[in-house]
Amino acid sequence: MPDFISSNARPSGFRLSDFVLLLLVLVVLGLVFMPKLYGDRSADNERQAQDMLRMIAAAQEGFREVEGEYAQLFRLQFAPGREPNQFEPMLPFLPASADFAHYGGYTFQEVRDNLKRPIGCIAEPRTPPFSGERVFKIRYGEIDPVFVGYMDAKRAIALP
């Protein structure tokens, strides 16, 4: 007796509509939960930026005790002094180049006086609002960073 295949039989597996529905559910879940994850990460980056500004200021004070003046930001990766000595690098983990560094979603830019001497550091988010929105600044010799304002996605700072 011949085997007849019924035309009403449905092959096993996903149909296109099943796949589209699954994709739609995943997109909706992503849209609901991603801002929460970015908000947590943004707050962590802002706290880390303030901590890094404190470390930079403390390292600058140590550098000034040895050298007599504040160093350029990139010099904090190395031990103070021109010759080999017993000192350790102040911030060897800070990848600085010239007068700026990137760390933890923030850019750290050196602030200089009229004579081009380093006097402080400002921290701005690299990709606002995802890496953070708040801008902080510290003057060397001070203990705590100061909140400067908010940075929007167009990289414009709005004062508080």
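Read-outs throughout are calculated quantities, based only on the coordinates presented, and are distinct from any laboratory measurement. Here the structure is a predicted model, which means the values were calculated and not measured. Glycine also receives a Cβ, built like all others from the backbone with ideal geometry; neighbour counts cover every protein chain displayed.
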Which value at 222 nm does the chain reach when only helices count, each DSSP H run of 4 or more adding -39,500 (n - 2.57), with the total divided by all residues and rounded to the nearest 500 deg cm²/dmol?
-12000 deg cm²/dmol
For the chain, modelled as a GNM with alpha-carbon contacts under 10 angstrom, which of 53, 91, 26 fluctuates the most?
26
With the contact rule set at Cα under 8 Å and sequence spacing of 6 or more, what percent relative contact order holds for segment 16-158?
21 percent
Between 94, 16, 31, which gets the highest mean-square fluctuation from a Gaussian network model of the chain, Cα cutoff 10 Å?
16
Just tell me which lysines come within less than 24 Å, Cα to Cα, of residue 36; anything on the same chain fewer than 8 places away is out.
154
For segment 64-123, the Cα convex hull volume per residue in Å³ comes to 86 Å³
Can you tell me the orientation of helix 16-67 relative to the chain, as the angle in degrees between its alpha-carbon axis and the longest Cα principal axis, to the nearest 10?
10 degrees
Among 68, 105, 120: highest mean-square fluctuation, GNM of the chain, C-alpha pairs under 10 Å
68
Calculate, in whole percent, how much of the Cα-Cα pair population of segment 16-158 lies beyond 20 Å.
54 percent
What span do the alpha-carbon atoms of segment 16-99 cover on each of the three principal axes, reported in whole Å from largest to smallest?
71, 22, 21
Given charges at beta-carbon only (K, R positive; D, E negative), |dipole| of the chain in Debye
480 debye
Which one, 157, 104, 122, projects farthest toward the positive side of the charge dipole computed for segment 16-158 from Cβ point charges (K/R +1, D/E -1)?
157
